[in-house]
Number of protein chains: 4
Amino acid sequence: MSETIKKIGVLTSGGDAPGMNAGIRSVVRTCAFHNIECVGIVQGYQGMIRGEFIPMDARSVKGIINKGGTILKTARSKDFMTKEGRKVAYDQLKKEGVDALVVIGGDGSFTGAMVFSAEYDMPVMGIPGTIDNDIFGTTHTLGYDTALNTVVEVIDKIRDTASSHDRLFFVEVMGRDAGHIALNVGVAGGAEEVLIPEENLGLDRLLESLHRSKASGKSSSIVVVAEGDKIGKNVFELKDYVDEHMSEYEVRVSVLGHMQRGGSPSCFDRVLASRMGVKAVESLLEGKSNFMVGLLNDVMSLTPLEQAIKGQSKINLELLRVSDIMTT
Amino acid sequence: MSETIKKIGVLTSGGDAPGMNAGIRSVVRTCAFHNIECVGIVQGYQGMIRGEFIPMDARSVKGIINKGGTILKTARSKDFMTKEGRKVAYDQLKKEGVDALVVIGGDGSFTGAMVFSAEYDMPVMGIPGTIDNDIFGTTHTLGYDTALNTVVEVIDKIRDTASSHDRLFFVEVMGRDAGHIALNVGVAGGAEEVLIPEENLGLDRLLESLHRSKASGKSSSIVVVAEGDKIGKNVFELKDYVDEHMSEYEVRVSVLGHMQRGGSPSCFDRVLASRMGVKAVESLLEGKSNFMVGLLNDVMSLTPLEQAIKGQSKINLELLRVSDIMTT
Amino acid sequence: MSETIKKIGVLTSGGDAPGMNAGIRSVVRTCAFHNIECVGIVQGYQGMIRGEFIPMDARSVKGIINKGGTILKTARSKDFMTKEGRKVAYDQLKKEGVDALVVIGGDGSFTGAMVFSAEYDMPVMGIPGTIDNDIFGTTHTLGYDTALNTVVEVIDKIRDTASSHDRLFFVEVMGRDAGHIALNVGVAGGAEEVLIPEENLGLDRLLESLHRSKASGKSSSIVVVAEGDKIGKNVFELKDYVDEHMSEYEVRVSVLGHMQRGGSPSCFDRVLASRMGVKAVESLLEGKSNFMVGLLNDVMSLTPLEQAIKGQSKINLELLRVSDIMTT
Amino acid sequence: MSETIKKIGVLTSGGDAPGMNAGIRSVVRTCAFHNIECVGIVQGYQGMIRGEFIPMDARSVKGIINKGGTILKTARSKDFMTKEGRKVAYDQLKKEGVDALVVIGGDGSFTGAMVFSAEYDMPVMGIPGTIDNDIFGTTHTLGYDTALNTVVEVIDKIRDTASSHDRLFFVEVMGRDAGHIALNVGVAGGAEEVLIPEENLGLDRLLESLHRSKASGKSSSIVVVAEGDKIGKNVFELKDYVDEHMSEYEVRVSVLGHMQRGGSPSCFDRVLASRMGVKAVESLLEGKSNFMVGLLNDVMSLTPLEQAIKGQSKINLELLRVSDIMTT
């Protein structure tokens, strides 16, 4: 057990995700369990620079495990990208007596943590929090499971109206760089086609697929499109394209947007957050630094932050095939 | 009890709404209760013209009370707007032996019913089914209560991310001609401002309201905008306008779209549908025609279709005032 | 506008109900709107006696509109039933400078308010908050609509397993004195029979109904039972009775219990709470006292507390009939 | 690819679980994809004996992916436990032309499949479907993830009323032999204590834990109890025991019961079911038999049925420790 760590700072950074509050709670309670002090840092690195710290004990995180968003707030910090900004941040941490950091966020947040840790010898531990699940070193990021359920429930609703009117819907879901959400909700929502950044079907194959679907007797269809798909058209342009090339469908578009980030976390995300918070704090107390906590083979694991940032979370090819078979 | 009615046809028409299936079920079971035959007409007036009828008994509507959409499907019918189309429709009904109609839909569907009934002396009864609640003669249309809950749940999710990032969201909800959804979800979602077709606040008042909200210490805000608001800008233009005139907020837009039409109906909508179906069928059996069933003062009531179409459902001024007070 | 009221106290009392927080928020914000001070009284009359007051301004009720339960907590107070207890309570209110009270609760809470007001000339206004909807003078109590949706969602889940196994379920729902919940969720959940305090079908009719249901081809059934039903057997005894008299069904029991009190309030309950809070505060400011705010004919109304307590909320006979027809 | 398999039978057996329909759908569509015939067998082995088969093509499983329960129904079959019963079953399968079986169910169902397969050289493949997650050879059974979310949502509701009234709740959840549900929902629901079959804390430790919780300032508490806990008292007896030994709490009990089996499956369960169905059918086509499909290290895997039945799914000790830390 590290003698040197007496106070841990915890912050959330980057886009918010359900489960971040459960993660904060776990960090705070694990600190309390080990009789370590804990402070929350407001608005990520930006609040660190401003010196906005909130002392947190076990009771202060009561009733937040089921709340979406992050009580510590989150923000992007341009200042922290500068050497000067990080200097101020470090001084603030020293003034507050913070010995180590737990950073809940995504790639960008981890990069900041890594640079900072290298410059100031501050132990840091990352917890992957983003709905996109696009982080190497963990099969699941915090918020991903919740977002999947949120999106699937919306697709179920859209299916109701699609099949009542015999319509085709293009549903845009989050995922600028990764198609994990799109692929999973596509399978779970019974979508006829899924367009993801990792695979460019091309417009011809899309039309072909829609024709085949129509021919097989389906009167309504849902195509799930990841934000970052590579087909070269956004959902509205896709609608226009299909309108032009297929008269059989009445086409509609739905862009799900930010609602995907909110909501009470699923059981899975709450449990994952609780496990990750314990692992992050205890790893720091064991003298480790510069790792990201992750779930690998269902076990809490550590991946060097550098690898977590550089590595690529791959799409599940088996599931891609399942998706094709299901649209038979 | 009318001796002449032996078989009733039921159809859904116009935009689909949660509770339509519960309404169909109620019509079918009330017919069964009175030993009247019942047929479902597929895709509204369009299916009537095609003669697409499905015999329905009490068992055939099993397990649909909690399903969104409409098992009878719905469509707009240009053919039914022509004298020739209605002639074919009437012939199909006669061939099938249908003596009376229950039409579940909105204004347009009722207009069709009224014209048809006048031309062919076919008894008709309307059930108001639309999420917009913009029909005179009932305090609640089928689907309205469910849509309110759907939208409020989404706004709760958006609030999570809005307050984590200190953002301002413009959330567009359904309501081309009526602000009922926007006003109610605005109050229920704790929105800072509500823009509805019935009232044009003007852009100045909007900015003023956002400035006041910011000054009062709120760091995030939600503005609910009805599709048909009269401020002269759509949600994306509103975002641009605020971006230009207020640097204090990071602004985002969310257009909820068709998900608002789907989903399992709320308890209220299922009960309302069940009551309306009984009232519609029994009113036909009592020899009445050309009425819309409605809920007025919590009691099942009849309003002449002509009035239902011409009359205007008014926005609740008391609630508008409550909305203002709540944003204090 | 009453010159004498400068500070209003708000409390929740009796069983908690979803929407109470939205009601507190509305009272607080309406006070702020009228530049009146507001204090929250913790744990109802018990906290009043202890002098547990929390100053509340518009910001202090931020983020509670969608929370179940009551942030002011609730308790039953035996002390307040005594003259001495009420004397202490009054002294505490005077010390705090409270000029008037808004009491959110049920019959028992209103009785306390009425007695107190008579003894000490303290203006009081009641807001009906209970999931049972058993209060005269309003068509809807706070929490009732939410509870209906909660129960219907559970019945939908039970229906899934009931029909997979061809089972009969007795589902006990809340309602010691009133069958409103049972009757509505029975209709909305497609129950085969509903047992409520207002009507004693007798065991024979129950068996007959189950036999008829079986004969009509239904393989699974749900019977909704209000806690206070008058059939003379609890749900477990009902199970035994049916087990004994009908071999056709495998019978199971589900007692829903306290979950019915919790959860995020529905849109309807949030809007109702917002309206009632405004009406309660503004009625006090107009010099009125000893009324309960209610929703009658969709309009905010006042009913003398005495009537609210003595009057009886009647079961909807039309809906009882609809329930029978639906099980055809 | 096996030349001999031309028609596959699929059945659900044992307790129903959310995701079974998604599993049936996947089996059916994978058969269609490989141009194999598929028949659904009604009510598990019982229907097999009765010869109740339903031909299923890709369209026949439309719209079921999001439905709870099982459209094929399920039942326990005493007849199938006899040699005679299995003989009849085999003859029915031969008559129908069924070459191989996919059995969706739990331990008991797999035992039946194994015995049957040994007697009649019928290729069988198992898919683990049970909310209890008590099956060796897969980290997740179908329905488990959904049940976790269902229970956590209910605990959130109970928490609302518990904290409003400062009460202690004993919440009984499913799990006769395994504490997976209890442990996970305990962590996710922020429970103060979890009682599971795998660990007997003893009543003293329970009291001690409740005292400590009270001392730490918590005014309400939730204790999650698995059906099969080994403390020697059921939840009602636990209530009485605590009532007797602790005056600080007002104690209540909630038995969640069968609602835990129902509901629309989560995204995770729908995806898992889709993957398992593909794996099961394709494994049969590859000539394999007597395996259970499972998720191990996030990859589709096969475990011999015999091992799946004999092996024991172990409680996650790391999570047990997390649970303790969280209640700090």
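Read-outs: derived from the displayed coordinates by stated rules, not from any lab. Fair warning: this is a prediction, and the values are worked out from it, not measured in the lab. Note that we place each Cβ from the backbone using ideal geometry, even for glycine, and neighbour counts take in every protein chain shown.
Computed values, structure above
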item	result
For chain C, with +1 on Lys and Arg beta carbons and -1 on Asp and Glu, the positive-most of C:GLY44, C:VAL224, C:THR161 along the dipole	C:GLY44
Cut-off under 5 Å, modelled amide H: who pairs with D:LEU195 long-range	D:VAL224, D:VAL225, D:ALA226
Length-normalised contact order of chain A in % [C-alpha pairs under 8 Å, at least 6 apart]	24
Per-residue HN-Hα couplings for segment C:314-325 [Karplus 6.51, -1.76, 1.60; θ = phi - 60°; Hz; x = Gly/Pro]	8, 5, 7, 5, 4, 5, 4, 5, 4, 4, 5, 5
Computed magnitude of the charge dipole of segment B:254-328 (debye, nearest 20; Cβ of K, R +1, Cβ of D, E -1)	120
Environment charge at B:ASP240 (Cβ cut-off 15 Å; Lys +1, Arg +1, Asp -1, Glu -1)	-2
Pairwise centroid distance, computed over Cα atoms, of segment A:306-328 with segment C:1-70, Å	52
Using distinct alpha-carbon pairs, which all enter the 1/r mean, Kirkwood radius of chain C in Å	20.7
Karplus (6.51, -1.76, 1.60) ³J(HN,Hα), θ = phi - 60°, over segment A:269-284, in Hz, Gly and Pro reported as x	5, 5, 5, 4, 4, 5, 5, 5, x, 4, 4, 5, 5, 5, 5, 4
Label-zone membership for segment A:250-294, site A:LEU203, 7 angstrom Cα→C-beta point, backbone N under 20 Å	A:250-254
Chain D, closest residue to the rotation axis toward C, by beta-carbon, whole angstrom	D:VAL255, 3
Segment D:181-286 - Debye-derived log10 I(q)/I(0), Cα point model, q = 0.14 Å⁻¹	-0.66
Those GluC sites (Glu not before Pro) in segment A:258-328 that DSSP places in a loop and that have at most 14 other beta carbons within 10 Å	A:GLU286
10 Å Cβ neighbours from other chains, averaged over peptide A:25-34	3
Cross-link partners of C:LYS239 among lysines (Cα-Cα below 19 Å; sequence separation of 8 or more within a chain)	C:LYS214, C:LYS218, C:LYS230
Formal net charge of residues neighbouring D:ALA215 (Cβ-Cβ distance under 11 Å; K, R +1; D, E -1)	+1
Estimated FRET transfer efficiency when R0 is 60 angstrom, pair A:ASP57-D:ILE54 (beta carbons, to 0.05)	0.50
Chymotrypsin sites (Phe, Trp or Tyr not before Pro) lying in DSSP loop within segment B:132-234, provided at most 14 other Cβ fall within 10 Å	none
Position A:ARG321, label points 7 Å along Cα→Cβ, spacing to each other copy in nm (shortest first, one decimal)	3.8, 6.3, 6.8
Relative contact order [Cα under 8 Å, 6+ residues apart], segment B:3-110, whole percent	42
Cα centroid separation - segment B:136-160 against segment B:79-96, whole Å	36
Among the listed pairs A:LYS279/B:LYS67; A:LYS67/C:LYS157; B:LYS83/B:LYS279; A:LYS67/B:LYS67; B:LYS7/C:LYS314, those beyond 32 Å (Cα-Cα)	A:LYS279/B:LYS67; B:LYS7/C:LYS314
Student exercise, segment B:145-261 dipole from Lys, Arg, Asp, Glu Cβ charges, in Debye to nearest 20	160
Computed magnitude of the charge dipole of chain B (debye, nearest 20; Cβ of K, R +1, Cβ of D, E -1)	1100
At most 15 other Cβ within 10 Å, DSSP loop - trypsin sites (Lys or Arg not before Pro), segment D:89-180	D:ARG176
Value of D in µm² per second that Stokes-Einstein yields for segment D:49-184, Kirkwood Rh from Cα pairs, at 25 °C (0.890 mPa s)	137
Teacher prompt: B:PRO304 distances to equivalent labels in other copies, 7 Å Cα→Cβ, nm	4.2, 8.3, 8.5
Cα-based equivalent ellipsoid of segment D:197-250: semi-axis lengths in Å, sorted from largest, via gyration tensor	19, 12, 10
Label spacing, shortest first and in nm, from A:ARG50 to its equivalents in the remaining copies (7 angstrom along Cα→Cβ)	3.6, 6.0, 6.8
Cα-based helix-to-principal-axis angle, A:107-120 vs chain A, degrees rounded to 10	20
Near-label residues of segment D:247-291 by backbone N, under 20 Å of a point 7 Å along Cα→Cβ of D:THR111	D:290-291
Cα centroid separation - segment D:111-133 against segment C:203-234, whole Å	37
Options A:SER247, A:VAL293, A:MET259, ranked by Cα towards positive dipole end of segment A:237-328, top entry (Cβ charges)	A:VAL293
For residues of C:58-67, the mean tally of beta carbons on other chains within 10 Å	4
Nearest-0.05 FRET efficiency for A:ASN35 and B:ASP243, computed from C-beta distance (R0 51 Å)	0.60
Choice from B:MET20, B:MET246, B:MET300 showing the highest fluctuation, given a GNM over chain B with Cα pairs closer than 10 Å	B:MET246
Share antiparallel - DSSP beta bridges, the protein assembly as shown, percent rounded to 5	25
Nearest-0.05 FRET efficiency for B:HIS211 and D:ASN297, computed from C-beta distance (R0 60 Å)	0.60
Pairs of Cα atoms farther than 64 Å apart, the protein assembly as shown, %	7
For D:176-189, mean number of other protein chain Cβ atoms within 10 Å	3
